[in-house]
1. Every residue in region 78-102 that is in a loop (DSSP other than H, G, I, E, B), over 24 Å from A279 (Cα atoms) and among the hydrophobic types (A, V, I, L, M, F, W, C), please.
2. Suppose we filter N324, N382, N378 for residues that are open to solvent by 20 Å² or more (accessible area, probe 1.4 Å) and of a type in the set (S, T, N, Q); which single one remains?
3. Checking S309 against (1) outside any loop (DSSP other than H, G, I, E, B); (2) in contact with a Ser or Thr (Cβ under 9 Å, 6 or more places away or on another chain); (3) open to solvent by 10 Å² or more (accessible area, probe 1.4 Å), which single condition isn't satisfied?
4. For region 208-231, enumerate the residues that are farther than 24 Å from Q72 by Cα and not in a helix (DSSP H, G or I).
5. Return the total of residues in region 439-471 being open to solvent by 10 Å² or more (accessible area, probe 1.4 Å) and more than 23 Å from the chain's Cα centre (by Cα).
6. Mind telling me which of the residues L562, L553 ends up being in contact with a Phe, Trp or Tyr (Cβ under 6 Å, 6 or more places away or on another chain), at pLDDT 95 or above and not in a helix (DSSP H, G or I)?
7. Going by the conditions given, is Q17 modelled with pLDDT under 70 and either part of a loop (DSSP other than H, G, I, E, B) or within 21 Å of the chain's Cα centre (by Cα) (or both)?
8. I'd like to verify a number: residues in region 498-529 that are of a type outside the set (D, E), assigned to a helix (DSSP H, G or I) and open to solvent by 10 Å² or more (accessible area, probe 1.4 Å), how many?
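The values are calculated or read from the model by the stated rules, or taken from the named source; none is laboratory data. Keep in mind that what you see is a predicted model, and the values were worked out from it rather than measured. Positions of Cβ are generated from backbone atoms using ideal geometry, with glycine treated the same way; all protein chains shown enter the neighbour counts. Heads up: the accessible areas ignore ligands, DNA and RNA and are worked out on the full protein's heavy atoms, side chains in. Shrake-Rupley method; radii C 1.70, N 1.55, O 1.52, S 1.80 Å.
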Amino acid sequence: MQEREIRNLIEQVREGQLPRRGFIQRMVALGLTAPMASMLLMNEGIAQTTTALPYKGTKRGGGGVLKLIWWQGAVHLNPHFAGGTKEQDATRIFYEALAGWDSEGNLIPMLATEIPSRANGGLSADGLSVTWKLKRGVTWHDGKPFTADDVVFTAKYAGDPATAATTIGTYKDIKVEKIDSHTVRVVFPKPTPFWAEPLVGSYGMILPQHVFADYIGAKSRENPANVKPVGTGPYKFVDFKPGDMLRAEAYANYHVANQPFFDALELKGGGDALSAARAVLQTGEFDFAWNLAVEDEILKRLEASGKGSLVFLVGSDIEFVSLNVTDPWKEVDGERASVKSRHPAFSDKAVREAMGLLIDRKGVVDFIYGRGGVATANFLNNPPRYRSPNTKFDFNIDKAGQILDAAGWKKGADGIRAKGDVKLKFVFQTSVSQPRQKTQAIIKDACTKAGIDLELKSVTAAVFFGSDAANPDTYQKFWADMQMYTTTMTQPDPQTFMEQWTTDQIAQKANKWASRNLVRWSNAEYDTTFKAAQVEFDGAKRAAQFIRMNDLLIGDGHVIPLFARPRPRGYALKLKPVLSAWDNDTWALGFWTRDA
């Protein structure tokens, strides 16, 4: 379909001749996702209809205790320090954004009264600003009123480099202005097609100014509220043992009528994915389990117990292997894996190409992950219009050996390849997880046959995904040659997701390893293309830019995608969770209920 035809359809929607749903269906048939079709209409000034969430409460409370299990336990409760999903999910219990993303990628107002659009005056015609109207009558859990001052402060807090927030990329270049006590305007430095990033979703949780004002900047890690949150959400903090148990109770003055349904909430952290799956699907001890990265055959057997069900949420999460750009075993100016160093083996592209051929993606999916994995050569896989057709993957041990031979990496008497005094011996780390250890073993076997020696390292998930600056084994430090984990895409636009590979996002000592480019990869064309995509309003051109970014990343070989990961979640048969692949699992906890 040509651009002119799309414009005609948009005008039909504007004039009421074509239902919004009909337009979205036409776009989906062309390969565009429902979330992006919806965003296209919003950018045209056509406000979305309010999505009806499934739970309409009749009274607050009465639901007893909601018992959740996250086998990676949160270690702090500050949403702007969240280095991974476990902290994002835990903090979203207490803190709210102005809006969140539902399962179809629609924006749902949370602390805002409505979603900005051209029709209601919220979106500027030049793409340089968006105005949000805030709900009145909202109070923080300590009884203080929520106002525009809190929103302005949150942007200032996260955008201050000294705060070292993981969300700094979202806030460092914008300005949030107070219009009145319950209206704010976000001002962008350039026309911005994806305006729904600041103050929205997992990167948009609002902090109380009166609790955090004395801890902005260099003192940010000293705030007691980092482990004792004061939010506006449906549940109020009771107790927290990092990495273990989090308890909360229903907030009696929550701003949504007849919410929440549950009287209290318990989130158990730690353990492993298999134990979590059993606790919901087999024993019924818990109501909901996060991220059941368990062999699919085992999940099917557990489901047969009849206590719970599984749902696979299709988004753009990706499991991948990283090959360190820097030297993790050498210190430069007192810093391991310094950006001033280069990895002695992976700096040779031939070695990276060989590693890509030594990973049996299809075998890992077929024999381990099943429904929970889709083998892919792309880092960015959804929405479909952003999926590159230019990449491919192959598993070929012989070809890998030929590439290494041609590049001068010869096998020694011990069977390990070397060139000069550099041997192809690598430490390969990941979190403790049975499927991941099996994946490591599959990769090690192929590498051994090709003359590469891998030392497999498994780190307890609470440590690996922790944010302790003193711990050498966190994935953020990446003090190993190779590592494997999943990164999540928490909104239906890839801008924030792909920002993690820009040079500005390189994790290093100077930013407390809080930034998201853990491989420390840098590419000038990637940076330029990303900046261009930030201001590109033509949908087709913007999609092409993100495809180009994916191709640059994959082509360089430091990032090797394994499989796209539909999110496997387990829930008790009577539980009615409200979930979305485009946001945190806890984004709409107030709407969760349970049948009698």
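1. A82, F94, A97, L98
2. Of N324, N382, N378, the one residue that is open to solvent by 20 Å² or more (accessible area, probe 1.4 Å) and of a type in the set (S, T, N, Q) is N382.
3. Answer for S309: the failing condition is (2).
4. Passing the criteria: P208, I216.
5. Selection size over region 439-471: 11.
6. Only one candidate passes the filter, namely L562.
7. yes
8. 7
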